[in-house]
Amino acid sequence: MTSTAILVHGAFFLRRHHSCYGADRSPDQTAEDLFKMCMAHLDEDKDLHRILFYDCPPLDKKVHNPITKRAIDFKRSSTYEFRTRFHSELVGKRKLALRLGRLADKTGGWILRPAVTKELLAGKLAVTELTEQDVVYDVKQKGVDMKVGLDIAVLAHKRLVQQVILVAADADFVPAAKFARREGLDIVLDPMWSSVSKDLLEHVDGITSVCPRPPKAKRSPEPIRY
């Protein structure tokens, strides 16, 4: 019997979930989609060690939009409500642990949307024509990738499992994957039908996506910024 740990990068999962399952899923449905997707990786020869989900608490601060000066309370946003309920649903799932990092905006703040920046540089849009929707509040996840890497290293070093399934597609996980393989673990990547970094592909033992495949004609949404 192969003991398997499933590690899920939260921001990546939620971005791909939008494409693979649709945009109208509730927090509890999304949590159930995640659990079923993870369990689909197992068969009669695999025993689940644990599902580890890595994310950050939602932004809860108050800011002012730089264009209109309107006060915005992120704690009252739909994103805050969804993420909070989603995390609450996850912690009630069998053998699922929530690993939380933190959000940092010390080097972030308000930025122009990429399409708007392109129009400004092309002279198709004037600064005086900017609207409230042309900017987004940019924050970064801190500690999430580090937690994923450390957990992979611990699982490998302590021989807690024989297989790790990683739901991600980022080359940042190459060092952890290389270490785990040297320690004898089977590393399988689930990119949820997205493209994968060539560097990461070189350091995994297999790749498979078990979630619904999004239509080829459907464009991926703009990446989540935290």
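Observations
- Here is the figure for segment 132-160: residues that are of a type in the set (Val, Ile, Thr), modelled with pLDDT of 95 or more and in contact with an Asp or Glu (Cβ under 9 Å, 6 or more places away or on another chain) total 2.
- Residue check for Leu100: under 16 Å from Val8 (Cβ atoms) and touching a strand residue (DSSP E or B) at 6+ places or on another chain (Cβ under 8 Å): yes
- Identity of the residue in segment 49-83, part of a helix (DSSP H, G or I) and surrounded by 15 or more Cβ atoms within 10 Å (Cβ to Cβ), that ends up nearest to the chain's Cα centre (by Cα): Arg83
- For segment 2-21, the count of residues that are modelled with pLDDT under 95, farther than 26 Å from Ser195 by Cα and not aromatic (Phe, Trp, Tyr) is nonzero.
- Unique residue being in contact (Cβ under 8 Å) with a residue 24 or more places away in the chain and in a strand (DSSP E or B) when the list is Asp138, Asp172: Asp138
- Summed over segment 1-30, residues that are more than 21 Å from Asp151 (Cβ to Cβ), of a type in the set (Ser, Thr, Tyr) and surrounded by fewer than 15 Cβ atoms within 10 Å (Cβ to Cβ) total 1.
The values are calculated or read from the model by the stated rules, or taken from the named source; none is laboratory data. Because the structure is predicted, anything quoted here is derived from the model rather than measured. Reconstructed Cβ throughout: ideal geometry from the backbone, glycine too, with neighbour counts over all protein chains shown.
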